[in-house]
Amino acid sequence: MQLLRALKESLYFPLAYYFRFFAEIRLRRWRPRVIVVTGSSGKTTLLDLIGSQLKKRAKYAYKANSSYGISFDILGLQRKTFQFYEWLGLFIKAPFAVFKSLPKEKIYVVEVDCDRPGEGRFLVTLLKPDITLWLNTSKTHSMNFDEAVRKGQFKTIQEAVAYEFGNLPARTSKLAIVNGDSELINAELYRTRAGVKKVNKEGHLQNYQITGEGQTRFRIDGREHPFNYLLPEDTFYGIKMALELAEYLRVAPDYSFSGFTLPPGRSSVFKGIKNITIVDSSYNASLDSMRVILDMFSKMPVKTKWVVLGDMIEQGNSEREEHEKLAEILLNYNFDCVLLMGPRMSKYAYPKLETLSSHFSPLGTQVIEKFLNPTEVLKYLQANIQGEETILFKGARFLEGVVEHLLANKEDTKKLCRQEKVWKIRRKQWGL
């Protein structure tokens, strides 16, 4: 297994350069104004917030944020089944895709992830962005950066990740709009020659409120921004950045953000069996994203709150530390039931949480359980929910499959994340 993983890593960029070669030719033919959206979390939400401002003026790279995905998007190629056999077709189609008719839009808004060393540099030299929006940086895909820290190139994983993201504003030509409250981001800004616009909460975010109906209200710079979705407080940065971008591009701002839709698996609200309310945030999880979602959930004005948290994967040498920190974060909230799922949650977070909850309130009165797989969690929920509970799902290991079995309306399954064939096959292997 380790040999296979090492082989995949060694081939990642050599193969990516094949598709990049043709994508770069097509991008030069097209010559759009490139706007990059980046950060450890919240990128897709920001992409949609920007879409509600620029609307049809831009082409958006949805579901494409990697060295492969972005090249595919530029070439107009698409992975549909995520099966291995698709690659042969993509290899054959790539050279011919260069000569397809070009998009009519003159702005290209593209989401960029930096989940391994070299990816930020690889993508920024392809895209050559005019504008970069940088939301945050945290320990995501940490295992890929362990080696750089071990070799002494960086003192911490956080610094290594931030440096990789920093390649994007470093080679941005016009403007970098960044989270000014992040010390890690601020430390990287010396590398850019572009103009810098910092977005800070202080003096700009006057109010943040969650309603019982699953709505969120922000008051920013004296103006109300209501959303018919559950959004964490840190969405402020995305809202403010989107408005700053509209102003820079001289686009009349849409303060209502009409047309904004929440991507699947990012705090979507569904009705479930026995009249429960499901908050589905199962798309991914890092410690920072766990923190902001738990804080959001704690502010919901509902009576009975349960949380189901899955492993934070790809944390490498930091996985014990990150899961134990999560246990400490949970101590700040008075949730009625805490269910931890996955080998990392069971090995690190559960023992820490048990110890803490036996010594401190409010966790001493809570139900705390651990499970190794999603099937066990589903059986526990089906046997123990009484009705009327509000249940948050956050984390890895196929929690969307658990959510699917608890939906009152099975048509809502289409609104969950990871609905491609390959993920359905994997969930079926887990008994979901």
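The values are calculated or read from the model by the stated rules, or taken from the named source; none is laboratory data. Note that this is a predicted model, so its numbers are computed, not measured. Positions of Cβ are backbone-derived with ideal geometry, glycine not excepted, and every protein chain shown enters the neighbour counts. Areas reflect the complete protein model, heavy atoms only, side chains present, ligands, DNA and RNA absent. Shrake-Rupley method; radii C 1.70, N 1.55, O 1.52, S 1.80 Å.
A protection proxy built from the mean count of other Cβ atoms within 10 Å ranks the segments 416-422, 112-118, most packed first, as 112-118, 416-422.
Spin-label model, PHE13 to VAL367: label points 7 Å out along the Cα-to-beta-carbon direction sit 5.0 nm apart. Taking the accessible area of region 335-415, probe 1.4 Å, and keeping the other protein chains in place, the carbon and sulfur fraction comes to 49%. Packing around the peptides 54-61, 87-94, taken as the average count of other Cβ atoms within 10 Å per residue, puts them in this order, highest first: 54-61, 87-94. Taking the 1.4 Å solvent-accessible surface of region 43-160 as the whole, the part contributed by carbon and sulfur is 59%. Structure remark: mean-square fluctuation, Gaussian network model of the chain, C-alpha springs under 10 Å; the largest value among PHE371, PHE21, PHE236 belongs to PHE21. I'd like the FRET efficiency for LYS410 and THR211, computed as 1/(1 + (r/R0)^6) with the beta carbon distance as r and R0 of 22 Å, rounded to 0.05. With a Förster radius of 22 Å, E is 0.25.
Can you send over the carbon and sulfur percentage of the accessible area for region 220-278, probe radius 1.4 Å, protein chains only? Ligands and nucleic acids excluded, carbon and sulfur give 49 percent. In this simple spin-label model, placing a label point 7 Å from the Cα along the Cα-to-Cβ direction at both ARG426 and SER258 gives a separation of 3.9 nm. Remark: the TYR333-ASP221 segment gains 37.4 nm on full extension, using 0.36 nm per residue and subtracting the alpha carbon distance. A simple packing score, the average count of other Cβ atoms within 10 Å per residue, orders the peptides 156-162, 200-206, 129-135, 385-391 as 129-135, 156-162, 385-391, 200-206, with the highest score first. Extension gain, LYS56 to LEU88, is 8.2 nm, computed as 0.36 nm per intervening residue step minus the present C-alpha separation.
For the chain, taking the reciprocal of the average inverse distance between every pair of different Cα atoms yields a Kirkwood hydrodynamic radius of 22.7 Å. If you run the Gaussian network model on the chain, springs between alpha carbon atoms under 10 Å, then out of ASP73, ASP288, ASP221 the most flexible one is ASP221.
Per residue, the accessible area of region 210-287 comes to 41 Å² when a 1.4 Å probe rolls over the protein heavy atoms.
Treating r as the C-beta distance of LYS106 and GLU321 and R0 as 45 Å, the FRET efficiency rounds to 0.45.
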